[in-house]
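Below is one structure, written out as structure tokens; comments come after it.
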Amino acid sequence: MERDGLCDAGGSLAARMPAETAELQRLLANALPPYGATAAGGSMKITRARTRTPLVLEICPVRTESTERRARDVAALVLLVDPAARPRIDPAFAATVLGLSPAESRVAVDLAAGRTVAGIALELGCAESTVRTHVRRAYRKLGVRKQTELVRRIMSLQALTGSRR
């Protein structure tokens with residue numbers, strides 16, 4: 001089954017690029033060592049054809065209490081993250097729930113999506129100082145002092161938006 005960056009190659013996980021497939025196989029071998037050897041995890045980026053944002057692949061060995069490994073036992077966890085697929089929080093919803101103005105909410109949601117102050121200003125057609133003013137007002141209303149706290153507050157709304165669908 002072909003995907004953008006990864007595929008199922010006859011029952012084995014493979015990357016689109018041969019060098020990445022070799023690295024993926026090395027990481028899997030480290031996570032699934034022979035009996036008695038120490039397992040190790042690792043991570044890598046997977047190049048995609050359809051977008052410039054790579055996939056992030058994390059492989060973690062799963063430790064079992066049993067000394068006997070059977071073929072059907074889970075021995076490694078493969079986590080695939082698509083940074084471009086971040087959930088988008090509706091600015092109007094964030095404004096209502098958090099008590100922000102529409103402009104403050106829009107800027108806060110854009111920051112949580114990973115945009116920069118300069119990028120937000122360009123997108124909104126305003127000065128960077130205007131964006132910073134909206135950020136400061138959102139900080140004051142939410143009782144936070146750092147951008148990470150603001151982003152965390154916005155991202156916490158994802159749980160609420162999931163239940164509204």
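The values are calculated or read from the model by the stated rules, or taken from the named source; none is laboratory data. Being a predicted model, the structure only gives us computed values, none of them experimental. Quick reminder, even Gly has a Cβ in these numbers, built from the backbone with ideal geometry, and neighbours come from all protein chains shown.
Worth a mention:
- Residue check, Leu79 exposed (fewer than 12 other Cβ atoms within 10 Å of the Cβ) and within 24 Å of the chain's Cα centre (by Cα): yes
- In the range 1-37, the qualifying residues are those that are assigned to a loop (DSSP other than H, G, I, E, B) and surrounded by fewer than 11 Cβ atoms within 10 Å (Cβ to Cβ), and the one that is modelled with the lowest pLDDT is Met1.
- Taking the numbered list (1) over 30 Å from Leu150 (Cα atoms); (2) at pLDDT 85 or above in turn, Val109 passes all entries but (1).
- Annotation: Ala92 fulfils all but one of (1) assigned to a helix (DSSP H, G or I); (2) out of contact with any helix residue (DSSP H, G or I) (no Cβ under 8 Å at 6 or more places or on another chain); (3) exposed (fewer than 14 other Cβ atoms within 10 Å of the Cβ); the unmet one is (2).
- The residue that is surrounded by the fewest Cβ atoms within 10 Å (Cβ to Cβ), counting only those in the range 38-58 that are modelled with pLDDT of 85 or more and in a loop (DSSP other than H, G, I, E, B), is Thr38.
- Restricting the range 127-165 to residues that are in a loop (DSSP other than H, G, I, E, B) and of a type in the set (A, V, I, L, M), the residue that is modelled with the lowest pLDDT: Val144
One line per residue, one yes/no per condition, for (1) under 17 Å from the mean Cα position of the chain (by Cα); (2) buried (at least 18 other Cβ atoms within 10 Å of the Cβ):
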| site | (1), (2) |
| --- | --- |
| Ala108 | no, yes |
| Ala112 | yes, yes |
| Ala118 | no, no |
| Cys126 | no, no |
| Ser129 | no, no |
